Amino acid sequence: MENNTMIITRKIQLLIDSDDNQFIKETKDKLFNWQSICFRSANMIMTHHFVQEQVKDFFYLTDEIKLKIADEKKEPNGILKSSRINTTYRLLSNHFKGHIPTNILSNLNNTLLATFNKERVAYWKGEKSLRNYKKNIPMPFAAEAITKLDNAPDNKNFCFKLFQIPFRTFLGKDTADKKILLNRIKNGTIKLRTSHIQLDKGKIYFLAVIQIEKEQHVLDTAVIAEATLSIEHPVNVKIGDQQYAIGNKEEFLHRRLAIQAAIFRVKKGITFNRGGHGEKRKKKCLVDYQNNEKKYVEYKLHIYSRRLIDLCIKHQAATLILVNQQQKEEIAKEDPFLLQNWSYYSLKDKINYKAEKAGIQVIIE
């Protein structure tokens, strides 16, 4: 039976729901300490599982060393005192129990072991290196850790408690669907899955992982849409005898190059900018322009992918084929101009996400 649900993630800024500045400072210090523990724990977990996986290659050990990575109680040649997933949980518990909620440690351990098992063959073949986690690593927790989710007094945001810490969302000018989704979570019509909290550049973010139902559309398996992605026309799509061009070179590339030219001019003038607060003050306008370019590109790619999927729904196309996409990506790797100015991967990801939500199958040639 086809799965009619999918998982989405929404990034929501949080504020500590208190007027006591001392409480806010102490809570932030606690959260930063938790994140530091998660950073250390994540790298410990991956290192220990990698060593367990490769212990058979330690041929220089004595014959008395048993080489089966399994619980000694269940396997005659096992060398572990417990199950494999429990080894790293006990390791973390011994080091950090009492300093961080065990809910976070347990979910971190489960998540990273699943990631390791997915990539273990690539490690063995040398196609991937062992993951290295950064200090701003998101902290996972079970959905049950969130309690008392309700509307805030302003009726625009939401408040809840996480590990007894009061939080309030800051949705700002929310033009997306975050408020709608939070309302549906509060009402119980959709489920919150294992989610994350992250501290980045002094701000607190809630990475809400939500299970939603796919959109229901009338689609015909006999109708196939063929799309090509290029820098001349961001998306060309053919459905039956109908052809559509979504966007054009002048609209997308000309504007992006104009922003890049502005960035180049700003870079040349940075030396003469007023300091005041050192490097940050001097580079403020440069960072603003760089952020503008990112926002512009993201906005345009969302528009192009949305129009493509809308056309597929309009013509009831159940399958979308991205023609010669792999070949184009290989060419783009060799062309510095294309690599810098045309976001093949980002556009492809947005198309995949929107297509999955609409129940459309995507095939990449």
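The values are calculated or read from the model by the stated rules, or taken from the named source; none is laboratory data. Predicted, not measured: the structure shown is a model, and the values here were computed from it. Note that each Cβ is placed from the backbone with ideal geometry, even for glycine, and that neighbours are counted across all protein chains shown. Accessible surface is based on the protein model in full, side chains and every heavy atom, while ligands, DNA and RNA are left aside. Shrake-Rupley method; radii C 1.70, N 1.55, O 1.52, S 1.80 Å.
Any idea how far apart N4 and F39 come out in nm if each label point goes 7 Å out from Cα toward Cβ?
A separation of 4.5 nm, rounded to one decimal place.
Quick one: which residues, 5+ away or cross-chain, put their amide H under 5 Å from the amide H of K156? H built at 1.01 Å from N.
none
Go through K179/K350; K30/K201; K118/K300; K161/K203 and tell me which ones have a Cα-Cα distance over 27 Å in this structure.
Those over the limit are K118/K300.
Angle between the Cα long axis of helix 344-358 and the longest principal axis of the chain, 0 to 90 degrees, nearest 10?
Helix 344-358 sits roughly 80 degrees off the main axis of the chain.
So how much slack lies between Q54 and N21, counting 0.36 nm per residue of separation and subtracting their Cα-Cα distance, in nm? All intermediate terms of the calculation are to be shown ahead of the outcome.
Details: separation 33, 0.36 × 33 = 11.88 nm, distance 4.98 nm.
Gain on stretching Q54 to N21: 6.9 nm.
In the full protein assembly as shown, how much of T111 is accessible to a 1.4 Å probe, in Å² to the nearest 10?
Roll a 1.4 Å probe over it and T111 shows about 60 Å².
When ligands, DNA and RNA are left out and all protein chains stay put, how many square angstrom of accessible area per residue does the chain have with a 1.4 Å probe? Each step should come with its number before you reach the end.
Working: 21960 Å² over 365 residues.
On a per-residue basis, 60 Å².
At 7 Å along Cα-to-Cβ for each site, give me the label-to-label distance between R281 and Y296 in nm.
If labels sit at R281 and Y296, their model points lie 2.9 nm apart.
Can you give the FRET efficiency for D200 and E251, using 1/(1 + (r/R0)^6), R0 = 56 Å, r = Cβ-Cβ distance, to the nearest 0.05? Don't skip to the answer; put the middle values down first.
On the way: r = 33 Å, r/R0 = 0.58.
E between D200 and E251, to the nearest 0.05, is 0.95.
Suppose every K and R has +1 on its Cβ and every D and E has -1 on its Cβ; what is the size of the dipole of the stretch 216-306 about the Cα centre, in Debye to the nearest 20? Could the numbers behind the result be given before it?
Numbers: 17 positive and 10 negative charges, 236 e Å.
Result for the stretch 216-306 is approximately 1140 debye, rounded to the nearest 20.
About the Cα centre of the chain, what is the dipole size in debye to 20, counting +1 per Lys and Arg Cβ and -1 per Asp and Glu Cβ, all else neutral?
Working: 61 positive and 41 negative charges, 303 e Å.
Dipole about the Cα centre, nearest 20: 1460 debye.
Can you check what the net charge comes to around V209, using other residues whose Cβ is under 12 Å from the Cβ of V209 (Lys, Arg +1; Asp, Glu -1)?
Numbers: positive: R10, K11, K191, R193; negative: none.
Counting the neighbours of V209, the net charge comes to +4.
With each pseudo-label sitting 7 Å past Cα toward Cβ, what's the E213-N117 distance in nm, one decimal?
Spacing of the two 7 Å Cα→Cβ label points: 3.1 nm.
Arrange the residues F96, F50 by how much accessible surface each exposes, largest first, with a 1.4 angstrom probe.
On the way: F96 10, F50 70 Å².
Correct descending sequence by accessible area is F50, F96.
Among I270, I351, I180, which one shows the highest mean-square fluctuation when the chain is modelled as a Gaussian network with alpha-carbon springs under 10 Å?
Greatest mean-square fluctuation among the candidates belongs to I270.
Can you send over the carbon and sulfur percentage of the accessible area for the chain, probe radius 1.4 Å, protein chains only? Let's see the in-between values first.
Details: 11120 of 21960 Å².
C and S atoms contribute 51 percent here.
Consider all pairwise Cα distances in the chain and report the whole-number % of them above 31 Å.
55
Which links in K25/K280; K156/K314; K186/K280; K11/K214 stretch past 32 Å when you go from one Cα to the other? Could you put the intermediate results ahead of the total?
Working: K25/K280 24 Å; K156/K314 34 Å; K186/K280 41 Å; K11/K214 20 Å.
Flagged as over cut-off: K156/K314; K186/K280.
Just how much of W342 is accessible, in Å², when a 1.4 Å probe is used and the result is rounded to the nearest 10?
10
Largest first, what is the accessible-area ranking of E26, E279, E334 with a 1.4 Å probe?
On the way: E26 105, E279 125, E334 145 Å².
Sorted descending by solvent-accessible area, the residues read E334, E279, E26.
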